[in-house]
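Have a look at the structure below, then the notes.
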Amino acid sequence: MSIPLKSHAFAGNPLRSNKTPKSNDPYSLTSALETLKTLILDQTHEPSAPNFKVLPLRKGRPLVGTIDGDSIAPNWHLGWLGFGDFKVLLENSEVTLGEDSLVYLGSKSEEEEVVYWAIDVSNDDSLVDKFGSKQLCFVELRTLMVATDWGDERAMGELAVAGHARAILEWHLTSRFCGHCGEETVPIEAGRRKKCSNELCKKRVYPRVDPVVIMLVIDKENDCALLSKQSRFVPRMWSCLAGFIEPGESLEEAVRRETWEETGIEVGEVIYHSSQPWPVGPSSMPCQLMVGFFAYAKSLEINVDKKELEDAQWHNREDVKKALTFAEYNKAQKTAAVKVEQMCKGVERGHNSLSADFNVESGELTPMFVPGPFAIAHHLISSWANNNNGVSSSYSNL
């Protein structure tokens, strides 16, 4: 099974961040911020000013609703609120609406009359019920990731916006103090940057991105791939090796080092595949950048580091293809989509592990499976399984 995508999940953000301070561009960061200040003070803004929409997030969870339709699985959408409606909703709440609390997300090139913002409303639990009365709710980004129909360009764009908003707001929470002098930091450039409040320091702080190499290790004959599993994985799931890049090493060096440290396999040639933003890691790392590679092994004997992995094994191409042909991905997507719909409608439901959703339609367990199409690991594995692991692979355009 091969699933073509225009971009990886969380990539392909349809919002553009226009930082050019053109005097005639009301959608640029600078102009939008000035308009925002006017709106907050309840002053009448110019008729040519853009429409503002706000996306609230709570504890890293974006506000969403569901779309009624004839599809088998419901579709979700981001819970954008007009600035005026949002301002009214925040009356008598614990959330302070100010230029320092809103983060500029950008505007759409084909929708030039709207500027989009994000805000963290985690410090007021009462807003949950207010949004619930509108059939809107806060949903974990990982749940939305699985619930997203990867063939729906609109939904994939919404997921990318949600990931970007979460990454920026989580970064604000982890960068409240200057790493140089310890004083508090304050937002600048409509929340896209921060600066130390100490007049003697004024150090600028930029959004954090943590680069990670993720690699599919392949044997010399190109017949088998090395897959690993960790104790935190869903049962029966195998995936690629991955690890953080250390200071002073290249991407290729990180691939070779991580492979050797975790499995004892020596790697020679390393070929770039594609990259994916990954804003669903721990809050201490608001956004990882997964950089994908094919890595060709110079040795075959595996020596697993049990502190890092539960197991690592060579799998032949046919077995990997079988792991890619089951209906588990579609079933998990539909199950997650229904879960989001029930949450938005206020239907009580226990928090089930996604592992319960990964079964074939007959109810029989698959021998093994790999991460779904929302993960770069899936596309590394499927590209190789379908003999597309050369530089000319169509997935290299992701």
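Kindly provide the set of residues from the range 336-354 that are closer than 22 Å to Phe369 by Cα and either modelled with pLDDT of 90 or more or open to solvent by less than 20 Å² (accessible area, probe 1.4 Å) (or both), ordered by number.
Hits for the range 336-354 are Ala336, Ala337.
Could you check, for the range 234-241, whether at least one of its residues is touching a residue at least 24 places away in the same chain (Cβ under 8 Å), out of contact with any helix residue (DSSP H, G or I) (no Cβ under 9 Å at 6 or more places or on another chain) and surrounded by 15 or more Cβ atoms within 10 Å (Cβ to Cβ)?
The answer is no; no qualifying residue exists.
May I ask you to say which residue of Leu289, Leu300 is in contact (Cβ under 8 Å) with a residue 60 or more places away in the chain and part of a strand (DSSP E or B)?
Residue meeting the stated conditions: Leu289.
Would you pick out the residues in the range 12-51 that are modelled with pLDDT of 60 or more, of a type in the set (Gly, Ala, Ser) and either open to solvent by 70 Å² or more (accessible area, probe 1.4 Å) or under 24 Å from the mean Cα position of the chain (by Cα) (or both)?
Gly12, Ser17
Among the residues of the range 269-276, are any outside any strand (DSSP E or B) and more than 17 Å from Ser239 (Cβ to Cβ)?
no
Step by step: first the residues of the range 251-304, then only those that are open to solvent by less than 50 Å² (accessible area, probe 1.4 Å) and aromatic (Phe, Trp, Tyr), then the one that is farthest from Gly163 (Cα to Cα). Which residue is that?
Tyr296
Which condition breaks for Lys202 when tested against (1) within 30 Å of Asp100 (Cβ to Cβ); (2) outside any loop (DSSP other than H, G, I, E, B)?
Single failed check for Lys202: (2).
Those residues that are open to solvent by 10 Å² or more (accessible area, probe 1.4 Å) and in contact with a strand residue (DSSP E or B) (Cβ under 7 Å, 6 or more places away or on another chain), I need them from the range 199-213; list them, please.
Lys202, Lys203, Arg204, Val205, Tyr206, Val209, Asp210, Pro211
Name the single residue that is nearest to Asp152 (Cα to Cα) among those in the range 1-11 being open to solvent by less than 40 Å² (accessible area, probe 1.4 Å) and modelled with pLDDT under 75.
So, considering only residues that are open to solvent by less than 40 Å² (accessible area, probe 1.4 Å) and modelled with pLDDT under 75, the one nearest to Asp152 (Cα to Cα) is Leu5.
Starting from residues that are aliphatic (A, V, I, L, M) and over 18 Å from Trp384 (Cα atoms), keep the ones in the range 270-289 and report whichever is nearest to the chain's Cα centre (by Cα).
In this case the residue turns out to be Val280.
Does any residue of the range 246-269 turn out to be under 22 Å from the mean Cα position of the chain (by Cα) and within 21 Å of Trp314 (Cα to Cα)?
The answer is no, given that none of the residues of the range 246-269 is under 22 Å from the mean Cα position of the chain (by Cα) and within 21 Å of Trp314 (Cα to Cα).
Quick one: Val212 ticks every box in (1) in a loop (DSSP other than H, G, I, E, B); (2) at negative phi; (3) in contact with a Phe, Trp or Tyr (Cβ under 8 Å, 6 or more places away or on another chain) except a single one, so which number is it?
(1)
Name the residues in the range 52-89 that are farther than 20 Å from Ala160 by Cβ, at pLDDT 90 or above and part of a loop (DSSP other than H, G, I, E, B), would you?
Answer for the range 52-89, where residues must be farther than 20 Å from Ala160 by Cβ, at pLDDT 90 or above and part of a loop (DSSP other than H, G, I, E, B): just Lys59.
Can you pull out the residues in the range 281-298 that are out of contact with any Ser or Thr (no Cβ under 8 Å at 6 or more places or on another chain) and either at pLDDT below 95 or among the β-branched types (Val, Ile, Thr) (or both)?
The answer is Gly281, Pro282, Met285, Cys287.
Looking at Ser231 and the list (1) over 25 Å from Gln276 (Cβ atoms); (2) assigned to a loop (DSSP other than H, G, I, E, B); (3) in contact (Cβ under 8 Å) with a residue 12 or more places away in the chain, which single condition is not satisfied?
Every condition holds for Ser231 apart from (1).
The values are calculated or read from the model by the stated rules, or taken from the named source; none is laboratory data. These numbers come from a predicted model, not from an experiment. In this analysis, Cβ positions are derived from the backbone assuming ideal geometry, glycine residues included, and neighbour counts consider all displayed protein chains. We work out accessible area using only protein heavy atoms, side chains counted, and drop any ligands, DNA or RNA first. Shrake-Rupley method; radii C 1.70, N 1.55, O 1.52, S 1.80 Å.
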